[in-house]
Amino acid sequence: MARIISGTDISREIRAGIAEGVAALGEEGIKPTLAAVLVGSDPASEVYVRNKAQACQRVGMGSRTLNLPEDIEVDELFGAIDGLNADPQIHGILVQLPLPRHLPYKQVLNRVAPHKDVDGFHPLNAGLSFVGDPEGFVPATPAGIMKILEWEKVPTHGKHAVIVGRSLIVSKPLASLLMAPGPNATVTLTHKYTVDLASHTRMADILIVAVGKPGLITADMVKPGVVVIDAGTTRVVDPEGKPRYRIAGDVDFEGVSEVAAAITPVPGGVGPMTITMLLSNTLEAARRTSGATSSTLPEALVGSGKRGRRSSS
Ligand code: NAP
């Protein structure tokens, strides 16, 4: 039976360290603060934003939520983001996805000043992470998955990591982190058009799944002793349950637990780690403004003029 890796437990310890960092900055008069931009009233997005705000408060950080109407014009949204970029009290900005269809989400994400882009979605941060430059903010979910592997002392060196999914938010940055010098894993990325997915997943020493299809990975698709990280998060209606929905991962947890050496549950695995790494990035962004650690990003890239200047609180 697989060992269950609790992202909740790991998060608790890491967040205690983050709270200490926040308190130390407080002595310099800086309150690390995360702003969330929420467009519309998607119930799942509202829950995610509320959870992030609560997590901020629990470690002593500030949080601000900008609730914007579903039918907002793109220029108005840009204006709101520019305001946050220029606000020295705000150190991190996240735009909650998905956005309403009429909004060009790539352009919206690109509007966030890179030095406040604690989600790591701006192309500058994606590029810096890709070349292994620590100046780049790494997206929170892949950062959280790497932290789980490190915390649990899962060997990666020379191991075969198979990732199911190829998204920009989770899988691609994760592939680059796993294959980098240090972790030194051999990485296979799979996607919707991969032929015979099981032939790949069965080769994995570490299997990471980020698709959004509950039950996609079954026990016959993994080899004995594999470490399974399930990033999938799908709201599934449960007519019997209270509440009437539950969050499901991509892995058949019961079946795969019989074969794997270790596995993350959903909920309680990758989810809390994602929020933890978001807090960690926000603390880092605030430290950079304080000069506690220096950013070497050129001024032109950290934002100027109407894109907002580096904050100096
Ligand atoms: P996404 O952008 O929709 O990407 C899903 C990926 O899965 C795509 O690359 C897609 O392939 C691939 N895929 C779809 N069907 C497949 C199949 N049958 N076999 C193999 N690959 C398949 O989603 P995402 O943003 O990466 O998120 C993935 C999941 O992780 C979602 O459930 C999301 O809610 C969850 N998530 C959780 C957290 C957290 O904090 N726990 C954070 C982020 C995301 P193509 O590229 O070919 O379409």
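Every number in this text was worked out from the coordinates using simple rules, so none of it is lab data. Bear in mind the structure is a predicted one, so any value in this text is a computation, not a measurement. Cβ placement follows ideal geometry from the backbone for every residue including glycine, while neighbour counts extend to all protein chains displayed.
Mind giving me the FRET efficiency for E76 and R50? R0 is 25 Å, r the Cβ-Cβ distance, nearest 0.05 is fine. Efficiency, rounded to the nearest 0.05: 0.60.
Could you work out the local net charge near L168, counting Lys and Arg as +1, Asp and Glu as -1, over the other residues with Cβ closer than 12 Å to its Cβ? Walk me through the intermediate numbers first.
Details: positive: K106, R166, K172; negative: D119.
That sum, taken over residues with Cβ under 12 Å, equals +2.
I want the local charge near D238. Using Cβ-Cβ distances under 15 Å, sum +1 for each Lys or Arg and -1 for each Asp or Glu among the other residues.
The answer is +3.
Extension gain for the segment Y245 to Y105, taken as residue separation times 0.36 nm less the Cα-Cα distance, is 47.7 nm to one decimal. The label-point distance for L168 and E27, in a model that sets each label 7 Å from Cα toward Cβ, rounds to 4.1 nm. A dipole drawn for the chain from +1 and -1 charges on Cβ atoms has a positive end, and of G255, G132, V211 the residue lying farthest that way is G132. Bridges between two residues of the chain, per DSSP, are antiparallel at a rate of about 10%. Between 0 and 90 degrees, the angle of helix 7-27 with respect to the longest Cα principal axis of the chain falls at about 20 degrees. The modelled label-to-label distance for the pair V237/E152, using points 7 Å beyond Cα in the direction of Cβ, is 3.3 nm.
For the pair A219 and Q89 in one chain, pulling the backbone fully straight at 0.36 nm per residue adds 41.9 nm over the alpha carbon distance.
For the chain, what is the calculated [θ] at 222 nm in deg cm²/dmol (nearest 500), taking -39500 (n - 2.57) for each run of four or more DSSP H residues and dividing by its residue count? Write down the numbers at each step before the final one.
Working: 11 runs with 121 residues, N = 313.
-11500 deg cm²/dmol, from helical runs alone.
Summary of packing: across the peptides 163-172, 226-235, the per-residue average of other C-beta atoms within 10 Å ranks them, highest first, as 226-235, 163-172. As a length-normalised measure over Cα pairs under 8 Å and 6 or more apart, the relative contact order of the chain settles at 23 percent.
About its Cα centre, the dipole of the range 177-269 is roughly 300 debye, where the only charges are +1 on Lys and Arg Cβ and -1 on Asp and Glu Cβ. Rounded to the nearest 5, the antiparallel percentage of DSSP beta bridges internal to the range 154-288 is 20%. Cross-link partners for K31 among the lysines, with Cα-Cα distance under 27 Å and sequence neighbours closer than 8 places in the same chain left out: K52, K116, K147, K306.
Computed over the chain, the P(r) curve from all C-alpha pair distances, binned at 20 Å from the origin, holds 32, 58, 10 percent per bin.
Here the Karplus curve 6.51 cos²θ - 1.76 cosθ + 1.60, taken at θ = phi - 60°, turns the phi angles of the range 127-132 into couplings of x, 4, 4, 4, 8, x Hz, with x standing for Gly and Pro. Note on the chain: dipole from Cβ charges, positive end direction compared against Y245, T201, P142; the farthest Cα belongs to P142. Listed by Cβ neighbour count within 10 Å, with the fewest neighbours leading, Y193, Y245 appear as Y193, Y245.
Cα gyration tensor of the range 25-114, axes a ≥ b ≥ c as square roots of the eigenvalues: rounded (a/c below 1.5), prolate (a/b > b/c) or oblate? Cα axes put the range 25-114 in the oblate bin.
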